[in-house]
Amino acid sequence: MGGQYAQLFAKLYPEQAAGLVLVDALPPGALKPRGDYPWYTRMGLYLFASGQVQRELRHAPAIGAALLSQPGVFSKPVLRLVAQADPRAGKPEGLLKDLFKGVIYAEDFGVWTADPDVAERRLDQLYPQSTVQRIQTHHRVQEMAPELVLAAIRQVIERAGSTRD
């Protein structure tokens with residue numbers, strides 16, 4: 001969710017953003033309105049999600065629409081870290097165990113408007129000159145590979161510095 005906020009901020013205030021690092025960012029327009037979620041997903045959110053998570057999910061489609069409505073291309077350095085599960089690994093422990101380990105994706109619960117690969121291509125269109133690094137890990141890249149996130153931040157800082165010269 002933070003990826004959408006960062007993208008919208010960068011589009012609205014480009015003079016304050018030297019670049020973007022998107023860590024497995026939710027593509028804008030990827031989530032359905034909350035009322036369109038399957039009943040079991042709405043029930044699970046009601047029972048288990050904090051009020052903050054519920055508010056963020058409720059507002060995610062509007063934030064994505066606001067981002068997509070902004071004209072122009074963000075022309076500063078953008079590095080996207082994209083989680084990509086090891087195709088050989090699958091989901092070895094079952095839905096509930098994987099859920100508690102944080103390896104369940106939103107598409108598993110019927111909340112995406114499009115196939116995740118199609119939604120990811122939307123980011124390719126928004127940031128045609130971005131660098132994309134695919135990381136073999138489940139979701140939560142910042143926890144699984146924090147050193148890669150730090151390296152990405154350093155790369156964008158370096159690129160931003162070289163474009164100012």
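Rule-based calculations on the coordinates, nothing more; no lab input. Model, not experiment: these values are computed from the prediction. Virtual Cβ from ideal backbone geometry, glycine too; neighbours counted across all protein chains shown.
Note on Tyr13 and Ser162: their simple-model spin labels are 2.8 nm apart, each label 7 Å out from Cα toward Cβ.
Placing a pseudo-label 7 Å from each Cα along the Cα-to-Cβ vector at Val132 and Ala85 gives an inter-label distance of 1.9 nm.
Convex hull volume of the C-alpha atoms in the range 125-165, normalised per residue: 84 Å³.
Can you give the FRET efficiency to the nearest 0.05 for Glu143 and Arg55, using r as the Cβ-Cβ distance and R₀ = 35 Å? The value I calculate is 0.95. According to the square roots a ≥ b ≥ c of the eigenvalues of the Cα gyration tensor, what is the shape class of the range 108-148, taking rounded for a/c under 1.5, prolate for a/b larger than b/c otherwise, and oblate for the remainder? It is oblate, given that a/c is not under 1.5 and a/b is not larger than b/c. Around the amide H of Leu22, modelled in the peptide plane, lie the amide H atoms of Leu79, Arg80, Leu81, all under 5 Å away and 5 or more residues distant in sequence or on another chain.
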